[in-house]
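To start, the structure under review is shown below, and the notes come after it.
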Amino acid sequence: MLFFAFGLIICLFTNNRFSQKLVKIILSASLHLMSPLNELMFLVFALLHAVKFLLLHTINQNLQIMTIKYESCIEACQTCLVECQHCLSEMAGKSSMNDCPKCCVQCIDACYICIKMMACDSAFVKQYALLCAEICDYCADHCEAHDHEHCKACAVSCRKCAEECRKIAA
């Protein structure tokens, strides 16, 4: 009887109607065939499986919430990273009156690390986001001083990234 009751509990955790019916049939048929010891062992196994299912379901929901929470900042960091990489490659071998190529390297690294911290929902996301915002502003200041199209695009993406990072840091 305990075995059948637990089967009904498992059915509540599954979303597929076919799976629910199949579990009910197997459990009701097995009720007459299992010894009390086997029933107890299966019950423990099924409980562990149910706990695993609930944990995975909870983790999946938390990841979806986290992705929504950081989505615009992650996108801004990705765009900034790409624009800085482009600016850096275009500035290679050219002389600069300021730290334009160097700031792009720092900004690429800052955006990459910030994305990683948001992806794992680190306890230090706010601190990393604030640092990323400061580095992006620094990079934007230097890139805005140039007339190159790639520098201007880099500066715009850096400003947008800094804005999004400050929202996270708040």
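The values are calculated or read from the model by the stated rules, or taken from the named source; none is laboratory data. Since this is a predicted model, take the numbers as computed values, not measurements. Glycine also receives a Cβ, built like all others from the backbone with ideal geometry; neighbour counts cover every protein chain displayed.
Summary table
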read-out: Out of I59, I74, sole residue that is β-branched (V, I, T) and either outside any helix (DSSP H, G or I) or at pLDDT 85 or above (or both); value: I74
read-out: Answer residue from the range 85-103, given it is of a type in the set (D, E, K, R) and surrounded by fewer than 16 Cβ atoms within 10 Å (Cβ to Cβ) and is farthest from H142 (Cα to Cα) among those; value: K94
read-out: Some residue of the range 89-98 being at pLDDT 95 or above and either hydrophobic (A, V, I, L, M, F, W, C) or not in a helix (DSSP H, G or I) (or both); value: no
read-out: The range 128-156 residues that are within 19 Å of I74 (Cβ to Cβ), paired with ones that are among the acidic types (D, E) and assigned to a helix (DSSP H, G or I) (beta carbon under 6 Å, 6 or more apart); value: C154/E83
